[in-house]
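Student: Below is a structure I'd like to ask you about.
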Amino acid sequence: MTAQLIDGNALSRQLRAQVAQRTQALKARGITPGLAVVLVGDNPASQVYVRNKVKACEDVGFHSVLEKYDAGMTEAELLARIEALNNDPAIHGILVQLPLPRHIDDHKVIEAISPLKDVDGFHVASAGALMVGQVGFKACTPYGCMKMLESIGMKNLRGKHAVVIGRSNIVGKPMALMLLAANATVTVCHSGTADLAAMTRQADIVVAAVGKRGVLTAGMVKPGAVVIDVGMNRNDEGKLCGDVDFDGVKEVAGYITPVPGGVGPMTITMLLVTALEAAERL
């Protein structure tokens with residue numbers, strides 16, 4: 001049995017078309033969704049990500065602002081810019097591209113963003129809202145993973161066992177909470193887990209999100225399971241690959257996300273969705 005692919009590019013196109021429609025409806029009411037992207041320093045990967053985010057905004061009809069600063073910008077200067085964006089009525093979402101230069105405290109910067117404009121879902125208030133089931137911004141990558149599950153008919157996960165590999169604040173923890181909210185029974189595994197394979201072999205859904213090649217292999221997967229690969233690594237030939245041994249696991253799983261073309265495109269798409277939701281709440 002070869003697994004069916006969950007195509008992140010195709011699902012992204014579908015969701016972005018819906019975002020564009022909803023954006024037009026907002027514009028008819030005199031509201032143009034606005035997203036500000038702040039980039040400090042010249043990290044090449046960050047520059048690519050930021051460029052993709054700005055282009056995605058323009059494609060769906062958003063007003064987008066890109067603010068680029070050199071790596072010498074002080075923390076106080078960055079905090080002042082965030083405060084100005086917090087008070088700008090044309091901006092509904094603020095995204096500060098991480099990582100920041102070492103002399104700037106990431107946590108302090110994230111907490112300075114208004115929870116009403118925290119489209120990345122990283123603010124403590126956003127994390128808390130997710131924890132207690134209140135309305136708030138969801139972290140984009142796990143939100144995208146949930147949309148991928150929905151796309152294969154897995155919206156209510158009652159009776160399903162989901163295993164999340166990884167406990168980061170950006171993916172692992174919010175992923176576990178979103179799965180829990182969808183009625184899954186959730187196990188979170190990490191570097192302190194004694195027997196990872198014993199856990200994953202019980203899982204109907206596995207989300208691999210540690211940033212390490214080969215974390216999940218064919219012998220660790222229950223036949224027919226859904227495997228979501230959040231990892232982004234390079235193999236020995238320098239090609240993009242995930243955390244999952246794709247060639248092996250696809251022969252056992254029922255569904256699998258490819259890398260590239262799986263979770264990656266969904267992350268930027270869900271950023272557009274959260275920015276749109278911020279504008280719609282006005």
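The values are calculated or read from the model by the stated rules, or taken from the named source; none is laboratory data. Being a predicted model, the structure only gives us computed values, none of them experimental. With ideal geometry, Cβ positions are generated from the backbone for all residues, glycine too; neighbour counts draw on all protein chains shown.
Student: Say whether the condition of being among the hydroxyl-bearing types (Ser, Thr, Tyr) and out of contact with any Lys or Arg (no Cβ under 9 Å at 6 or more places or on another chain) is met by at least one residue in the range 113-132.
Tutor: Yes; the residues of the range 113-132 include at least one that is among the hydroxyl-bearing types (Ser, Thr, Tyr) and out of contact with any Lys or Arg (no Cβ under 9 Å at 6 or more places or on another chain).
Student: Still on this model: Any residue in the range 229-244 that is on the phi < 0 side of the Ramachandran plot sitting within a Cβ distance under 9 Å of a residue that is surrounded by fewer than 11 Cβ atoms within 10 Å (Cβ to Cβ) and outside any loop (DSSP other than H, G, I, E, B)? List the pairs, counting only those 6 or more apart or interchain.
Tutor: Matching pairs, first to second residue: LEU240/ARG234; CYS241/ARG234.
Student: Checking the structure you have, find out if any residue of the range 20-32 is in contact with a strand residue (DSSP E or B) (Cβ under 7 Å, 6 or more places away or on another chain) and more than 30 Å from ALA218 (Cα to Cα).
Tutor: Looking through the range 20-32, at least one residue is in contact with a strand residue (DSSP E or B) (Cβ under 7 Å, 6 or more places away or on another chain) and more than 30 Å from ALA218 (Cα to Cα).
Student: Looking at this structure, is ALA162 within 23 Å of THR193 (Cβ to Cβ) and not assigned by TED's automatic domain parsing to the domain that holds ALA36?
Tutor: yes
Student: If you go through the range 232-259 one residue at a time, how many are assigned to a loop (DSSP other than H, G, I, E, B) and at pLDDT 95 or above?
Tutor: Number of matching residues: 11.
Student: To continue, here is another question. State yes or no: is ALA253 in the same structural domain as GLN202 (by TED's automatic domain parsing), more than 16 Å from the chain's Cα centre (by Cα) and in contact (Cβ under 8 Å) with a residue 12 or more places away in the chain?
Tutor: So ALA253 fits the description; yes.
Student: Got a sec? Which of ILE94, ILE82 is within 17 Å of SER114 (Cβ to Cβ), β-branched (Val, Ile, Thr) and out of contact with any strand residue (DSSP E or B) (no Cβ under 6 Å at 6 or more places or on another chain)?
Tutor: Exactly one of ILE94, ILE82 is within 17 Å of SER114 (Cβ to Cβ), β-branched (Val, Ile, Thr) and out of contact with any strand residue (DSSP E or B) (no Cβ under 6 Å at 6 or more places or on another chain), namely ILE82.
Student: Can you give me the number of residues within the range 132-180 that are within 27 Å of ILE94 (Cα to Cα) and part of a loop (DSSP other than H, G, I, E, B)?
Tutor: 13
Student: It is to be established whether one or more residues within the range 108-123 are of a type in the set (Asp, Glu) and within 30 Å of LYS222 (Cα to Cα).
Tutor: Within the range 108-123, not a single residue is of a type in the set (Asp, Glu) and within 30 Å of LYS222 (Cα to Cα).
Student: Mind listing whichever residues of the range 205-231 are over 21 Å from the mean Cα position of the chain (by Cα), closer than 22 Å to ILE152 by Cβ and either small (Gly, Ala, Ser) or in a helix (DSSP H, G or I) (or both)?
Tutor: Scanning the range 205-231 gives ALA218, MET220, GLY224, ALA225.
Student: Please go through the range 62-87 and give me each residue that is in contact (Cβ under 8 Å) with a residue 40 or more places away in the chain and more than 13 Å from ALA279 (Cβ to Cβ), ordered by number.
Tutor: The answer is LEU78, ARG81, ILE82, LEU85.
Student: Right, something else. Buried (at least 16 other Cβ atoms within 10 Å of the Cβ), out of contact with any helix residue (DSSP H, G or I) (no Cβ under 9 Å at 6 or more places or on another chain) and part of a helix (DSSP H, G or I), is that true of VAL109?
Tutor: No; evaluated as a whole, the condition is false for this residue.
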